[in-house]
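The values are calculated or read from the model by the stated rules, or taken from the named source; none is laboratory data. Since the structure is predicted, the reported quantities are computational estimates derived from the model, not experimental observations. Please note: Cβ atoms are built from the backbone with ideal geometry, for glycine as well, and neighbour counts cover all protein chains shown.
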Amino acid sequence: MAPMDRFRITQGRLQIGIRGYATQQVQSLTFAQRFGTPISTFLLYSSLTLISLQYLWTRLTFEETRLREDAGMQDLTEQVQRLRDEKLKMQAGQPGKGEGELPQGKNKRWWLW
């Protein structure tokens, strides 16, 4: 027997899913059996990637908001300190903002009008 005889195509054509040298038929795989594992793996990894990116985006947005709010709090703290300093100057009798010479012809203080 020649070595190529056992790989000869039976009945003149190659039948899909049947090996010419097999003793029994091999059933062809269904779509789910063939592509189920790669599709489910792809969906799993893409879902994990999406959730990770959403987490990172949320964390960076929170950090940016926190920095912006901290800067706003710092500005407000500086404004309060400046106003306290001006009030102390006014109480000490030093001319500060809003004090000084009265308008000519009027005997009212600035804060009354």
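Candidates GLN15, GLN74, GLN11: the one that is in a helix (DSSP H, G or I) and at pLDDT below 65 is GLN11. A search for C-beta distances below 7 Å between a residue of region 54-73 that is without any contact (Cβ under 8 Å) to a residue 60 or more places away in the chain and any residue that is assigned to a helix (DSSP H, G or I) and of a type in the set (S, T, N, Q), counting only pairs 6+ apart in sequence or on different chains, returns nothing.
Taking the conditions exactly as written (surrounded by 10 or more Cβ atoms within 10 Å (Cβ to Cβ) and modelled with pLDDT of 85 or more), does GLN79 satisfy them or not? Before you say what the answer is, go through the steps one by one.
Numbers: surrounded by 10 or more Cβ atoms within 10 Å (Cβ to Cβ): yes; modelled with pLDDT of 85 or more: yes.
Criteria met by GLN79.
Checking the conditions here, which among THR37, THR41, THR77 is among the β-branched types (Val, Ile, Thr) and under 24 Å from the mean Cα position of the chain (by Cα)?
On the way: THR37 fails: under 24 Å from the mean Cα position of the chain (by Cα); THR77 fails: under 24 Å from the mean Cα position of the chain (by Cα).
Sole residue among the options that is among the β-branched types (Val, Ile, Thr) and under 24 Å from the mean Cα position of the chain (by Cα): THR41.
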